[in-house]
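Student: Here it is, the structure in full.
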Amino acid sequence: MTVLLTGGTGYIGSHTATALSEAGHEVILLDNFCNSHRAILERLEKIVGKSVPCIEGDVRDTALVKRTLQEYGVEVVIHLAGLKAVGESVKTPLNYYENNVHGTLSLLRAMDEADVNNMIFSSSATVYGDPQYLPIDEDHPLAPTNPYGRTKLYIEQILEDHVRANDNIKVVNLRYFNPVGSHSSALLGEDPRGIPNNLMPFMARVASGELKELSVFGDDYPTMDGTGVRDYIHVVDLAEGHVAALEFLPRSTGFETFNLGTGSGFSVLQVIQSYEVACGKKIPYQIVKRRPGDIASCYTDPNKANAVLKWKANRSLSEMCLSSWDFQRRLN
Ligand code: WQD
């Protein structure tokens, strides 16, 4: 199939583009490079062994998106473009609604005008908010606690309404848990601009000596060792989940949601331990107070994606840490 990836040079986008290309699909990227580097494109092309069209632009440029869809004969859009830092979304909510929600409306308009009726949407486990039960399945109540999570929920609801009003539109909605790690080539990985908000890229920079020490946000949570527990999923497993979703799309009934995670939760201290084995060094850290908005535990029940998408995340925490460290070492 011919697939347009919005945000295609980003962390998830570049890994997904690689997996799709290796599965025999034609990929076209659209990116405004607000949170990625142009150098990613040539690394991606080196891995897949062919050129990959990349349009520099913003999903809010409806005319550009429509032209791109028509020019390349796009059949499916994988919509990954969006701002995704929880803390930043609290400080600048209008930017998040403008980029994420308005950007999606613009994209949907362009798809309608170009008669493209299939989308895979990059949503997030953040839509669940503080879990009422664990593991979290797709029927868990939706109660995001920050503007970023609310943009993802509103977009899901827009897509559901759009599908309900048009029986030729199909959407597969993927709720990611915590993507980490890097491609085995060490050419692609997580390299956010500025100081990383997320645990693994921050820890990678502590291991490389770029940052002095890791702050562990609280050790008084009701978890096995008091630190936060999350469902970390290798980004290549996640990318392969998109390939499975694409192959499921023709069979889907309209709007279908899947949690993409391993079903296992690991604490911050367990991740630190695994990373120390991966990089062969001690990771200096200090326990500090909780980060506002954080929750104690979050991990998925992966059964629906396993059964319906015939997809399972199988890379271990150790592989996630080793691949992250391999990529980080290459950066420096
Ligand atoms: C993981 C654990 C922290 C940094 C966020 C978004 C989510 C998704 C993934 C986009 C927590 C602890 C972290 C640090 C720490 N993004 N931590 N020190 O918050 O689970 O999820 O990123 O879709 O939507 O909400 O990920 O990596 O920030 O935190 O102790 O310097 O590590 O408290 O327990 P999070 P994270």
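Student: Based on DSSP H runs of at least 4 residues, each adding -39500 (n - 2.57), what is the mean residue ellipticity at 222 nm of the chain after dividing by all its residues, to the nearest 500 deg cm²/dmol?
Tutor: -11500 deg cm²/dmol
Student: Please label the shape of segment 36-102 as rounded, prolate or oblate, based on the square roots a ≥ b ≥ c of the eigenvalues of the alpha-carbon gyration tensor (a/c under 1.5 means rounded; beyond that, a/b larger than b/c means prolate, else oblate).
Tutor: Verdict is oblate for segment 36-102.
Student: With no solvent and one point on each alpha carbon, what is the Debye value of log10 I(q)/I(0) for segment 156-202 at q = 0.17, 0.27, 0.32 Å⁻¹?
Tutor: -0.69, -1.00, -1.19
Student: If you don't mind, there's one more thing I want to ask. At 37 °C and 0.692 mPa s, what whole-number value in µm²/s does Stokes-Einstein give for the translational diffusion of the chain, with Rh from the Kirkwood sum over Cα pairs?
Tutor: Result for D is 164 µm²/s.
Student: Quick one: work out Rg over Rh on the C-alpha atoms of segment 156-270, Rh as Kirkwood radius.
Tutor: On the Cα set of segment 156-270, Rg over Rh gives 1.08.
Student: Please list, or write none, the lysines whose alpha carbon is within less than 16 Å of the alpha carbon of residue 212, excluding same-chain residues fewer than 8 places away.
Tutor: 281, 282
Student: At what distance in nm do the modelled label points of residue 91 and residue 193 sit from each other, each positioned 7 Å from its Cα along Cα→Cβ?
Tutor: It is 1.3 nm.
Student: 7 Å from Cα along Cα→Cβ at both residue 138 and residue 225: what's the point-to-point distance in nm?
Tutor: Going by the 7 Å Cα→Cβ label model, 3.4 nm.
Student: Give the dimensionless ratio obtained when the Cα radius of gyration of segment 1-153 is divided by 2.2 N^0.38 Å.
Tutor: Ratio of Rg to 2.2 N^0.38 Å for segment 1-153: 1.08.
Student: Among 292, 144, 179, determine the one that fluctuates most according to a GNM of the chain built with springs between C-alpha atoms less than 10 Å apart.
Tutor: So, out of 292, 144, 179, the one fluctuating most is 292.
Student: What is the set of long-range amide H partners of residue 184 at a cut-off below 5 Å, with H atoms built 1.01 Å from backbone N?
Tutor: Close amide H contacts, sequence-distant or interchain: none at all.
Student: Could you work out the percent of alpha carbon pairs in segment 1-71 separated by over 21 Å, rounded to a whole number?
Tutor: Summing the P(r) tail past 21 Å for segment 1-71 gives 19 percent.
Student: On the accessible surface of segment 79-184, probed at 1.4 Å, how many percent belong to carbon and sulfur atoms?
Tutor: Within segment 79-184, the accessible surface is 48 percent carbon and sulfur.
Student: Which whole-number value in Å² is the accessible area per residue of the chain, probe 1.4 Å?
Tutor: 42
Student: Continuing with this model, one more query. Extension gain residue 157-residue 130, at 0.36 nm per residue separation less the Cα-Cα distance, in nm?
Tutor: Separation in residues times 0.36 nm, less the Cα-Cα distance, equals 7.8 nm.
Student: Can you figure out the FRET efficiency of residue 56 with residue 102, using R₀ = 22 Å and their beta-carbon distance, to the nearest 0.05?
Tutor: 0.70
Student: Let me see the pair-distance distribution of segment 275-332: every alpha carbon pair, 10 Å bin width, integer percents in order.
Tutor: Pair shares across the bins are 17, 27, 37, 18, 1.
Student: So for the chain: antiparallel DSSP bridges make up what percent, rounded to the nearest 5?
Tutor: Roughly 5 percent of the DSSP beta bridges within the chain come out antiparallel.
Student: Under a point spin-label approximation (7 Å from Cα along Cα-to-Cβ), what is the residue 23-residue 329 distance to one decimal in nm?
Tutor: Taking the two extended label points, one gets 3.1 nm.
The values are calculated or read from the model by the stated rules, or taken from the named source; none is laboratory data. Given the structure is predicted, the values throughout are model-derived calculations rather than measurements. Here the Cβ is made from the backbone with ideal geometry for all residues, glycine too, and neighbour counts use every protein chain on show. In case anyone asks, the SASA skips ligands and DNA or RNA and just uses the protein heavy atoms, side chains included. Shrake-Rupley method; radii C 1.70, N 1.55, O 1.52, S 1.80 Å.
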